[in-house]
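Values quoted throughout were computed directly from the atomic coordinates according to the rules given, and no laboratory measurement underlies them. Since this is a predicted model, take the numbers as computed values, not measurements. Cβ atoms come from the backbone with ideal geometry, glycine included; neighbour counts cover every protein chain shown.
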Amino acid sequence: MLLIQWLMLRPTTKGTVMAKNPVLILSLILTGGVAGWGIVDTAGLAAFASTIVGFMFTSRGWFIMLSATFFVFLCLGLAFSRYGKIKLGKDDDEPEFSTISWITMLFAAGMGVGLLYFGSAEPLFHFMMLRPHLSNPESAQHALFATNFHWGLHAWAIYAITGLIIAYFSFRKDQPTLISAPIRCVFGDRGWPRWVGGFSDLMAITAIAIGVGGSIAMGVFQVQAGVAALFNLENPGVILSVTIFVLLVVSFLLPLTVDLGKGMALLSNTAMAIAGGLMLFVIITGPTHYIMSAIVGGLGDYLSRVLPHGFKTFTFFDETIGNWFQSWTLTYMVWWLAWSPFVGVFIARISKGRTIKEYILGVVLVPTMFSIVWFGVFGSIGFYGAMVIDVDILEVVRTNIDTTTFFVLDHLPFAKLTIAATVLAAFLFVVTSVVSAAFVLSMFSSKGDADPTVKTKLMWGVILGALGLVMIFSNSIDAVKSIIALGALPFVYIVLLISVCLLKALKKETML
Amino acid sequence: LFVEGPKKGDDAVNMADPGFFDTMGNIWVFIFIGLLIWLYFREDTGNKS
């Protein structure tokens, strides 16, 4: 009851945020509590997250899949309906960026440390699991499809819908940039919409904070594996993890104290250029025809199976497949939900002045195509290693998945250089993600204030660092996935609710 | 307590409820979906924008 009363307090002014902003206080308590628990008892938190998430996935996996597929159909429906012509802004607003710049920025949104980490590792993991049941070529085909499915339309439909709702209500309805804004705008600011709105902001903050904490851990695992590969370290150990972590924290706390603006964009573009360059390098120096064929084949396979696959829940399969479905497909879907308010704010900001149709086609199709090409390249070179030249890459995936990307690069020319570039890109992706996340979290926890105080940003920087540390201590990518899923699970209900708000607002607008 | 229900060989093997929280959670989902549909068709004034 106290929680509800707190959430119902009126918005506050800058400077007295801590005294009067319940969402900030509650979100700090909640995320700080999770971080504290994780630091004191990492194994306990990981086991708790795994139990709850396992139960939720078994019990409500069907609902998560149905929701993700619903977002795909909602995107397509909105793009090709009469609502598609509505602008994300006032009727006379023009797009802030040229279409080429916009598409480049969407590529940037689609990039991240996850692609560097999972590029070869994920397709090979699925391949390894399928091999006892299917032939090698069939296993490779299904493995690539599963990976593309996880990173494709469904992921981007979740991002697109959240971003669309943020953009529509911010730019067209002049509401603050908050997850609660659509609820308050459509249903009013009294009674249930007020506390459901406050709860939604709280859950959005929690989902982002825990999701980005996971990204920090993944970045540290990736950088650590890269440094170990560069200097031939057998067992890098905790000291290296902590050193990388401290370096990361210093790198992201400093930019939070000053407005680096263009500096951060430069860092992000550098990371993106390295990743893009790496992909081209693998295409050119690797087995080019094999890779290109895999991309085209993967695209065809994806297009022909993606929509029906969105309804697959593997109900009648054995426990192995069931566990695989939970720990990959369902985990990814909630992972995208965790990141959606954060990525949504970014894509909303760059899409002002575009029509809903333009926005959806751009946001859903461009990054999906990019993911298909990326996994086509890094997945196929992994399959090439496993099936054609028969190197021990599957053993690497089985025993030390963090090092898979570096194992691939180590078998191509200029290995030291490309591994160092990958380490740098992973580091930069994490720094820019954390700086942006701290900004979005500060904005969400300051009633949508577009210029949050340095103190608030630093507080979020510290919390994100602590959450990252917890997940590093867990020393397991599976534990990281469970903790992220735990933070994101409630958010599925919130995205569905704000989707209804959008549909109601669009219906009302076109009826006028 | 969660989704573990009766197993093969138990006296109570039947096709009934596999777990209290599982059933209640799914009922909540049905109610939630119903609520969303109701909210969509309900007349609202909302905030002036």
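A few remarks follow.
- Environment charge at residue A:357 (Cβ cut-off 14 Å; Lys +1, Arg +1, Asp -1, Glu -1): +3
- Radius 15 Å from Cβ of residue A:385, net charge of other residues (Lys, Arg +1; Asp, Glu -1): -3
- Calculated FRET value between residue A:392 and residue A:174, using beta carbons and R₀ = 60 Å, to 0.05: 0.55
- For the pair residue A:400 and residue A:246, a Förster radius of 22 Å applied to the C-beta separation gives a FRET efficiency near 0.40, rounded to the nearest 0.05.
- Ranked A:392, A:91, A:410, A:402, criterion: other C-beta atoms within 10 Å, fewest first: A:91, A:392, A:410, A:402
- Working from Cα pairs under 8 Å separated by at least six residues, relative contact order for the stretch A:132-216 is 16 percent.
- Taking amide H as placed 1.01 Å from N in the peptide plane, the amide H of residue A:355 sits under 5 Å from that of A:88, each at least 5 places away or on another chain.
- With 10 Å bins from 0: P(r) over the protein assembly as shown, alpha-carbon pairs, percent: 3, 18, 29, 28, 16, 5, 1, 0
- Long-range Cα-Cα pairs in the stretch A:453-512 (distance over 20 Å), rounded percent: 57 percent
- Residue mean of other protein chain beta carbons inside 10 Å, A:60-67: 2
- Cα shape, the stretch A:203-281, gyration tensor, a/c 1.5 rule: oblate
- Estimated [θ] at 222 nm from DSSP helical runs (n ≥ 4, -39500 (n - 2.57)) normalised by residues in the protein assembly as shown, nearest 500: -24000 deg cm²/dmol
- Cα convex hull of the stretch A:35-190 - mean projected area over all directions, nm²: 14.7 nm²
- Compactness of the stretch A:402-512, expressed as Rg and Dmax over alpha-carbon positions, Å: 20.1, 63
- Estimated inter-spin distance, residue A:511 and residue A:47, nm [label 7 Å along Cα→Cβ]: 5.4 nm
- Between residue A:451 and residue A:415, the FRET efficiency from the beta-carbon distance, with R0 = 56 Å, is close to 0.80.
- Here is what passes the span test in chain A: the DSSP H helices with alpha carbon length of 27 Å or more along the helix axis and a Kyte-Doolittle mean of 1.0 or above are A:42-79, A:192-230, A:237-257, A:262-285, A:331-350, A:415-444, A:454-474, A:491-511.
- Cα convex hull volume per residue for the stretch A:197-329 (Å³): 252 Å³
- Neighbourhood net charge (14 Å Cβ-Cβ; Lys/Arg +1, Asp/Glu -1) for residue A:139: -2
- Dipole orientation for chain A: of the candidates A:197, A:244, A:440, A:197 has the Cα lying most toward the positive pole (charges on Cβ; Lys, Arg +1; Asp, Glu -1).
- Remark: spin-label model distance residue A:304-residue A:316 equals 2.2 nm, labels positioned 7 Å along the Cα→Cβ axis.
- Taking chain A and dividing mean pair separation by its residue count, relative contact order in percent (alpha carbons under 8 Å, at least six apart): 36 percent
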